[in-house]
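The values are calculated or read from the model by the stated rules, or taken from the named source; none is laboratory data. What you are looking at is a predicted structure, and each value in this text was computed from that prediction instead of being measured. Don't worry about glycine lacking a Cβ; one is built from the backbone with ideal geometry, like all the others, and counts go over all protein chains shown.
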Amino acid sequence: MLRNYLYASDIVLFVYDLSNLQSFENLNTWILSVKEIFEQEQKKPLMALFGNKSDLEHQRAVRLSCVKKFASKYLLENFKGSARTGEMVNHTFTNLIARVLGPQVQLLQTVSLKADTNVSEQPNDHSPQLDGIPTSPLIMNRKTLRRLQRKASSSVCCIQ
């Protein structure tokens, strides 16, 4: 089943919990499984580590030295952040996507939106659209985002 989830993947991000040593120790099994799947493939995905829950540094169970040693053993790029606070999440994905796509990636100004934010900006006549939906770098609401995501032909997999 894992093979189906990983089919045609460009990036595999292994996420572990910085406050849970067992989640880090399980990475070895996951990495070997993924490497075995892509063993015969000509195009191999970019693989990286992400230590989650950096906001719980006081509960850290995984030593930084162990992470660095593990990352160098498997030649993995290493990131640390917090899904809860959003710390380093965008940076991680942007960095990995830029490594895969190269110069095709253009970084846009980071815009932080809250769920209750009202945006009154109207797209101009020259804004690119997808089925009548403006595709500006600023997505106005969840409904628009979902419609755009359904149009995209990509897959996402989260392995815990």
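Numbers below:
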| item | result |
| --- | --- |
| Matching option when the condition is closer than 24 Å to Leu6 by Cβ and of a type outside the set (Phe, Trp, Tyr), among Arg63, Arg84, Arg99 | Arg99 |
| Within the stretch 1-44, considering residues that are assigned to a loop (DSSP other than H, G, I, E, B) and among the aromatic types (Phe, Trp, Tyr), the one modelled with the highest pLDDT | Phe38 |
